[in-house]
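Any read-out appearing in this document is the output of simple, stated calculations on the displayed coordinates, not a laboratory observation. Please read these numbers as outputs of a predicted model, since none were measured by experiment. A quick note on method: Cβ atoms are made from the backbone with ideal geometry, for glycine too, and the neighbour counts reach across all protein chains shown.
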Amino acid sequence: MTSTFESPLAHLSEETLDELAKELDAIHDEVYSDLGERDRRYIKSVIAAQRQLVVTGRILLFASSWKPAWVTGTACLGMAKILENMEIGHNVMHGQWDWMNDPDIHSSVWDWDTASTAEAWKHSHNYIHHTFTNIRGLDKDLGYEIMRIDPHQKWRPVYLAQPLYNALLTVLFEWGVALHDLDLEAMWAGEKSKTQVLKELRGIAGKARAQFVKDYVGWPLVSAALFGAAQLALRGRLPQPARSRLGGRIRALGGGKWKTTADLLDRYAPGVEKTFLATVLADITANIIRNVWAHAIIFCGHFPDQTYTFSKKEVENESRGGWYVRQLVGAANIEGTPLFHIISGNLGYQVEHHLFPDMPSTRYSEVAPKVKDICERYELPYNSGRLGKQWWMVHRTIARLAFPGGKPRPKPGPYRSSADSGGGAVPSEAARHRRRLPAEHPDAGPEHVRGGVAVDPPPR
Ligand SMILES: [Zn+2]
């Protein structure tokens with residue numbers, strides 16, 4: 001495989017870029033004109049499955065003081081949170097399902113179980129990150145403003161600690177993203193008013209309160225109350241620790257005076273207390289599982305060696321075709337099974353997602369061969385690799401660029417289908433798209449306000 005450092009944009013003329021834009025627009029429009037019942041059924045079934053996982057997890061956690069129930073309940077909850085964030089939240093809020101005009105499954109009304117408010121996230125992700133992808137100084141997701149992820153970024157001593165921030169960010173990803181969405185830098189630069197920042201801070205505080213009340217108070221109380229009710233009904237026959245923590249405190253504080261209360265607590269409360277704490281621990285674990293997974297998928301989709309970054313100068317007067325090429329080479333795919341793609345929100349098709357952020361995620365696997373065909377004909381790379389390989393490259397970069405210096409790493413050469421299929425000519429799946437004019441496509445939902453919250457590529 002040939003290796004190159006030069007941006008693929010450099011070898012494409014304006015006419016070629018226009019031609020390429022038409023081909024990619026045609027792929028988009030063909031999918032949009034075909035959207036229908038099959039897609040609607042898919043997203044509804046994912047949402048239903050996610051809710052069933054939550055219910056199963058919560059029922060299991062009613063018995064969370066029993067280890068096997070804790071483990072399976074936490075696993076169900078972690079998986080439900082992953083689905084809710086990745087395949088549902090991220091994609092619905094991109095407007096991928098707006099064409100259904102569903103009153104609930106729509107980017108203008110959807111909210112998710114994470115620390116970022118929908119409004120701030122749609123602005124920082126859909127608009128800023130997806131429009132200015134990998135432009136240094138404009139795409140604030142390049143290292144999330146706390147890490148040096150590209151050798152062109154100026155080194156500062158604070159980056160020495162970036163392997164540590166990264167480890168912290170892995171565990172607390174949703175909080176990192178919420179703070180990042182605040183864009184304090186814009187406030188310091190005078191581009192954003194303090195009132196706006198305060199308003200957004202109140203939004204995050206509201207989300208934090210909601211998560212705290214739901215995960216760390218409400219559900220643990222429900223679990224504990226149900227365990228207590230079962231214990232009463234069975235006259236204390238359910239297994240539980242010998243002593244109540246609360247009873248112990250009361251005994252220590254009140255001496256002999258509160259003995260009867262403490263004895264009663266010892267009889268009924270230990271299991272209730274244990275269930276409450278075990279449910280809190282299960283919820284903390286499920287939130288961490290979701291954070292670690294989301295961090296891995298997002299970092300592996302953007303920061304492996306294969307991806308290019310761009311200076312502002314390189315993208316001056318960018319055409320639609322130039323925008324497409326920047327998206328194509330600025331992202332990297334992660335290869336995996338169909339189940340892997342569902343639980344990663346189809347962001348294993350990060351390349352296709354960046355080309356068509358508003359296309360329903362299930363269609364990415366279908367358009368991938370057409371995108372590869374375009375890459376082959378236009379001599380462009382198609383960035384892709386297994387999770388382990390992408391993960392290793394990302395973390396090597398984070399470690400290396402913590403120190404001064406560093407060079408861009410070699411990039412893959414143009415995509416070759418023969419290499420992909422292990423030799424032999426592969427018939428082109430996109431031949432019929434060549435030079436086809438883009439068709440009209442139906443507009444998004446009528447009630448949707450898109451100003452500043454949706455991707456904004458150069459017009460056709
Ligand atoms: Zn996205």
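Magnitude of the charge dipole for region 204-287, about its Cα centre and with charges confined to Cβ atoms of Lys, Arg (+1) and Asp, Glu (-1), is about 260 debye.
Measuring r between the beta carbons of V171 and S13 and using R0 = 51 Å, the FRET efficiency lands at 0.60. F212 to E145: FRET efficiency via 1/(1 + (r/R0)^6), r the Cβ-Cβ distance, R0 30 Å, to the nearest 0.05? The computed FRET efficiency comes out at 0.70. For region 208-297, applying the loop criterion from DSSP together with a ceiling of 15 other beta carbons within 10 Å to the trypsin sites (Lys or Arg not before Pro) yields R235, R237, R243, K257. If you take the Cα centroid of region 362-384 and the Cα centroid of region 283-320, the two points sit 19 Å apart. Toward the positive end of the charge dipole of the chain, about the Cα centre and with charges on Cβ (Lys, Arg +1; Asp, Glu -1), which of M93, S45, A286 goes farthest? Going by the charge dipole, the pick is A286. Summing +1 for each Lys or Arg and -1 for each Asp or Glu, what net charge is found among the other residues whose Cβ lies under 15 Å from the Cβ of D215? Local charge sum for D215: +2. With respect to the chain, whose longest principal axis is taken over its alpha-carbon atoms, helix 37-61 is tilted by about 30°. For the cross-link pairs K81/K370; K313/K389; K81/K207; K370/K407; K22/K370; K44/K81, which exceed 23 Å when the distance is taken from alpha carbon to alpha carbon? Those over the limit are K81/K370; K313/K389; K370/K407. For a paramagnetic label modelled at 7 Å from the Cα of T260 toward its Cβ, which residues of region 221-247 fall within the zone defined by backbone nitrogen distances under 18 Å? Those under the cut-off are 247. Put +1 on the Cβ of every Lys and Arg and -1 on every Asp and Glu Cβ in the chain; which of A63, T362, L35 then has its Cα farthest towards the positive end of the dipole? Of the listed residues, the answer is A63.
The simple spin-label model puts a point 7 Å past each Cα toward its Cβ; for R400 and Q52 those points are separated by 4.6 nm.
Along its three principal directions, the equivalent ellipsoid of the chain from the Cα gyration tensor extends over semi-axes of 47, 25, 21 Å, largest first. Counting 0.36 nm for each residue step from L160 to V197 and taking away their Cα separation leaves a gain of 10.4 nm. Scanning residues 5 or more positions from S384 or on other chains, those with amide H under 5 Å from its amide H are N333, with H placed 1.01 Å from N in the peptide plane. Any idea what angle helix 320-330 forms with the longest principal axis of the chain, computed on alpha-carbon atoms, 0 to 90 degrees, nearest 10? Approximately 50 degrees, to the nearest 10. Couplings 3J(HN,Hα) for region 357-364, derived from phi with the Karplus relation 6.51 cos²θ - 1.76 cosθ + 1.60 (θ = phi - 60°), are x, 9, 8, x, 4, 5, 7, 4 Hz, where x marks Gly and Pro. Phi-derived couplings, Karplus 6.51 cos²θ - 1.76 cosθ + 1.60 at θ = phi - 60°, listed residue by residue for region 11-28: 9, 10, 7, 4, 5, 4, 5, 5, 4, 4, 4, 5, 5, 6, 4, 5, 4, 4 Hz, with x used for Gly and Pro.
If the segment from L387 to L253 were pulled out straight at 0.36 nm per residue, it would be longer than the present Cα-Cα gap by 42.7 nm. Centroid-to-centroid, using Cα positions, region 78-117 and region 137-163 are 29 Å apart.
For region 289-391, the set of GluC sites (Glu not before Pro) satisfying both a DSSP loop assignment and a count of at most 12 other C-beta atoms within 10 Å is given as E316. Between M187 and R409, take the C-beta separation as r, use R0 = 41 Å, and let me know the FRET efficiency to the nearest 0.05. After rounding, the FRET efficiency stands at 0.75. Between the listed residues M147, G206, P241, the Cα displaced farthest toward the positive end of the dipole of the chain, a dipole computed from Cβ unit charges relative to the Cα centre, is found at P241.
When the chymotrypsin sites (Phe, Trp or Tyr not before Pro) in region 1-65 are filtered for DSSP coil states and for at most 16 other beta-carbon atoms within 10 Å of their beta-carbon, the remaining sites are F5. Computed from point charges on the beta carbon alone (+1 for Lys and Arg, -1 for Asp and Glu), the dipole magnitude for the chain about its Cα centre is near 2680 Debye.
Normalising the average separation of contacting C-alpha pairs (under 8 angstrom, six or more residues apart) by the number of residues puts the relative contact order of the chain at 29 percent.
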